[in-house]
Amino acid sequence: MAKVRIFKPAKTAMQSGRANVVRWTLEYEPSERREADPLVGWVGSGDTLSQLRLRFDTKEEAVAYAEREGLDYTVEEPQVRRLVPNNYSDNFAAKKWN
């Protein structure tokens, strides 16, 4: 039975938008070790499922797919994004300089 994990990917440091983090991703866990090719030096393995990533609109769709296919899955809940309200005028407040 193949193992998969279902998660919402985090925003990368190279982007400012949050477009790629709204969907859930199902990713197969590697089943064999990656090794360097002796001729070329590239790292690879014979595990083709580790290259597969499926994206779903909701967590329930991803879980339903994993159960339908008979996959052993774990769900990683996303961390809650905490926003601290900040005003430009707070930079010049008297309490900041005391």
- line: Checked the stretch 1-19 for anything closer than 17 Å to V80 by Cα and assigned to a loop (DSSP other than H, G, I, E, B); matches are K8, P9, A10, K11, T12, G17, R18
- prompt: On the given criteria, is R81 at pLDDT 95 or above and more than 15 Å from E27 (Cα to Cα)?
  reply: no
- prompt: Out of (1) modelled with pLDDT of 90 or more; (2) loosely packed, with under 10 Cβ neighbours inside 10 Å, what's the single condition that is false for A62?
  reply: (2)
message: Please verify whether T25 is in contact with a strand residue (DSSP E or B) (Cβ under 6 Å, 6 or more places away or on another chain), in a strand (DSSP E or B) and surrounded by 12 or more Cβ atoms within 10 Å (Cβ to Cβ), treating the condition exactly as stated.
response: yes
Count of residues meeting criterion [at pLDDT below 95, among the aliphatic types (A, V, I, L, M) and either within 20 Å of the chain's Cα centre (by Cα) or on the phi > 0 side of the Ramachandran plot (or both)] in the stretch 39-59: 2
- prompt: Has the stretch 40-63 got at least one residue that is among the small types (G, A, S), more than 18 Å from V4 (Cβ to Cβ) and part of a strand (DSSP E or B)?
  reply: yes
- request: Return only the number of the condition from (1) among the acidic types (D, E); (2) in contact with a strand residue (DSSP E or B) (Cβ under 6 Å, 6 or more places away or on another chain); (3) free of Cβ contacts under 8 Å to residues at least 24 places away in the same chain that D72 does not satisfy.
  value: (3)
task: Considering every residue within the stretch 80-98, establish whether at least one is in contact (Cβ under 8 Å) with a residue 24 or more places away in the chain, out of contact with any Leu (no Cβ under 7 Å at 6 or more places or on another chain) and not in a helix (DSSP H, G or I).
output: no
- prompt: What number of residues within the stretch 60-98 satisfy the criterion of being at positive phi and hydrophobic (A, V, I, L, M, F, W, C)?
  reply: 0
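The values are calculated or read from the model by the stated rules, or taken from the named source; none is laboratory data. Model, not experiment: these values are computed from the prediction. Heads up, the Cβs are rebuilt from the backbone with ideal geometry, glycines too, and the neighbour counts pull from every protein chain shown.
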